[in-house]
Amino acid sequence: METDYNLTAILDWNGLQQFGWPLGPGEGNRGDKRDPWAGVDLKGIFEKLGWRVLESDGHDYSKIIPTLEEAKNFGDSDRPTMILAHTIKGKGLRLTEGKYEWHSKIATKAELKVVAEELGIEEVVA
């Protein structure tokens, strides 16, 4: 039986993780927030698992849209498509950029004010 796939997955690859890996046996501290895939050929891994792999700058719509179109143009295929979207957590804001805490942190009013100023937003509704 032949199967056609029409599946495209997007992996947001920002190099951080929310809770981290245990630092060692018995420590109970999940402090290592580094990218567990650093130095790993993630594209090669997915290809060996049978995926067609595309990569894109996950912040640039002029790159994202054509990448999605390329995935769509594969049409009916016997392979799913994985898009590796390279991103930076909290990109563009000094308060959040590259900081794992912002996977689940709720901003304070003072932090919202800083973000609003950085984004050029004059009025913040709280």
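Before moving on, here are some points about what is shown:
- Hey, Leu84 in contact (Cβ under 8 Å) with a residue 24 or more places away in the chain and either out of contact with any Phe, Trp or Tyr (no Cβ under 8 Å at 6 or more places or on another chain) or over 22 Å from Gly44 (Cα atoms) (or both) or not: no
- Any hit, segment 60-74, residues being touching a residue at least 12 places away in the same chain (Cβ under 8 Å), in contact with a Ser or Thr (Cβ under 9 Å, 6 or more places away or on another chain) and not in a helix (DSSP H, G or I): yes
Each value in this text was obtained by applying a stated rule to the coordinates, not by laboratory testing. Here the structure is a predicted model, which is why all the values come from computation and not from measurement. No Cβ is skipped: glycine too gets one built from the backbone with ideal geometry, and neighbour counts run over all protein chains shown.
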